[in-house]
Amino acid sequence: MTNKLSLALKQGTSALLASLIVLTVICASLFSAQLQAHQIKAAITTVLFNQRTENIEVMHRFNLHDAEHAVKALFDKHADIMDDIDTQQAFADYVAKHFAILDSEGEPLALAKVGFEVEGKHFWVYQETAEPPALEGLKIRHDALRDLWPKQVNTINVEGKGDIKTLTFADSVNLLEVSFKGHQH
């Protein structure tokens, strides 16, 4: 009887050990996948032609985690984008300096800084400019954070002039164009 009990305990212990090993492997895989997923550096910007205000509104959205690391590398290792308004302003100024909209002839549009905010897991930067008459297209530069992280991908959605147009800044891409020829208001 003790042999049967001893055998059952050994089998139970082996099964428990095997289950723990499987659970450890699964947890390690999930943790690794989370780390790899977050290593993708990306920002999304919307360039919206607001017909009501006749302005071009620009809304940049950065992952707050990336912005936290960026301000420590860009400004000061103690920079705090969550709670320090000066750090938030400095990051918004940095983004504005690394983003430009030009008309189809290459003339820059003067973008006014509208504001910035921390919202959930994102840091937002807002800009705007009046929409020029007879705009045939735009040339856009968006290299925010690409000086820190060469793998940074900045995606722009241009909305309000026909179909949504998406521009992706990755690798060595510095300037992209979008055309509005043939689009009526």
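No value in this document is a laboratory result; all are computed from the given coordinates. Predicted model, so just to flag it, every value in this text is computed and none were measured.
Each residue of region 150-155 in order: what ³J(HN,Hα) in whole Hz does its phi give by Karplus 6.51 cos²θ - 1.76 cosθ + 1.60, θ = phi - 60°, with x for Gly and Pro?
x, 8, 4, 10, 10, 10
Residue by residue, what Karplus-based ³J(HN,Hα) values in Hz, rounded to whole numbers, does region 54-64 have, using 6.51, -1.76 and 1.60 with θ = phi - 60° and x for Gly and Pro?
6, 10, 9, 9, 10, 10, 9, 10, 10, 5, 4
Ordered by residue, what ³J(HN,Hα) values in Hz, to whole numbers, does region 68-75 give under the Karplus form 6.51 cos²θ - 1.76 cosθ + 1.60, where θ = phi - 60° and Gly and Pro are x?
Values per residue, Gly and Pro as x: 4, 5, 4, 5, 5, 7, 7, 10 Hz.
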